[in-house]
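Scroll down for the structure; my scribbles are underneath it.
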Amino acid sequence: MLSHRLANAINQQIIGEFSSAYLYLAMAAHFEIAELQGFAKWMRVQAQEEASHALIFFNFLTDRDGRPEPAQLDVPPAEFGSPQEVFKKVKEHERKVSEAIDSLADLALAEKDHATRALLDWFVTEQVEEQALSSNIHARLKLINGDPTGILALDRELGARTYVVPAPLAGRI
Ligand SMILES: [Fe+2]
Ligand SMILES: [Fe+2]
């Protein structure tokens, strides 16, 4: 069974992942209003991934006889700026999430909970990808520097993103 401390930390992470999903959905709505449907699609896929991350932790918690404790989600900002500003926020957000995952991994190691540590290995790798991806898109938006042709080309590219069920969630819901 999970320690009380680890169960609490995983519960917090579930709220964090659902809050991330909600943040990215808000960003999707922002882009839909701006008629940037490709950016919006990318954000919807991102939101779906975050909700999947929450479910992975949720399933792990119940598998280990932990008790999920629902709590209030973070409220996304009401206003977002240009695509470049939005992706700066995504980049900063993912950096914070990586720190949270690293702290969870530290705790799992300190408590010698190898099952939790093994699950967190997947998340540590996932965060490297998330940070690389958001940082790449942000860097490209800096180069585009608000040029409509560049924005529309990127919009087309980002619209091709599709949701893939993350490995730890495969075969479950
Ligand atoms: Fe996540
Ligand atoms: Fe993420």
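The values are calculated or read from the model by the stated rules, or taken from the named source; none is laboratory data. Since this is a predicted model, take the numbers as computed values, not measurements. No Cβ is skipped: glycine too gets one built from the backbone with ideal geometry, and neighbour counts run over all protein chains shown. Quick note on the areas: whole protein, heavy atoms, side chains included, nothing else; ligands and nucleic acids left out. Shrake-Rupley method; radii C 1.70, N 1.55, O 1.52, S 1.80 Å.
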Check: What is the range 60-117 by shape, rounded, prolate or oblate, if you read a ≥ b ≥ c off the alpha carbon gyration tensor as root eigenvalues and call it rounded for a/c under 1.5, prolate for a/b larger than b/c, and oblate otherwise?
Finding: oblate
Notebook entry, point to check: Order of 113-121, 62-70 by packing, highest average Cβ count within 10 Å first?
Noted result: 113-121, 62-70
Notebook entry, point to check: Helix-derived [θ] at 222 nm for the chain: sum -39500 (n - 2.57) over DSSP H runs of at least 4, divide by residue count, nearest 500?
Noted result: -26000 deg cm²/dmol
Checklist line | Proximal lysines relative to LYS91, as straight alpha-carbon distance under 19 Å, when same-chain residues fewer than 8 apart are discounted | finding: LYS41, LYS142
Checklist line | Probe 1.4 Å, accessible area per residue of the range 110-173, Å² | finding: 61 Å²
Next item on the list: Just name one of LEU2, LEU25, GLN48: the one whose Cα is farthest towards the positive end of the charge dipole of the range 1-117 (beta-carbon charges, Lys/Arg +1, Asp/Glu -1).
Entry: LEU2
Check: If you average the sequence gap of Cα pairs under 8 Å that are 6 or more apart and divide by the length of the chain, what percent do you get for the contact order?
Finding: 32 percent
Check: Among 73-79, 130-136, how do they line up from the highest to the lowest mean number of other beta-carbon atoms within 10 Å?
Finding: 130-136, 73-79
Checklist line | For the range 107-124, 3J(HN,Hα) per residue [Karplus equation, 6.51 cos²θ - 1.76 cosθ + 1.60, θ = phi - 60°, Hz, x = Gly/Pro] | finding: 5, 4, 5, 4, 8, 6, 9, 6, 5, 5, 4, 5, 5, 5, 4, 4, 5, 4
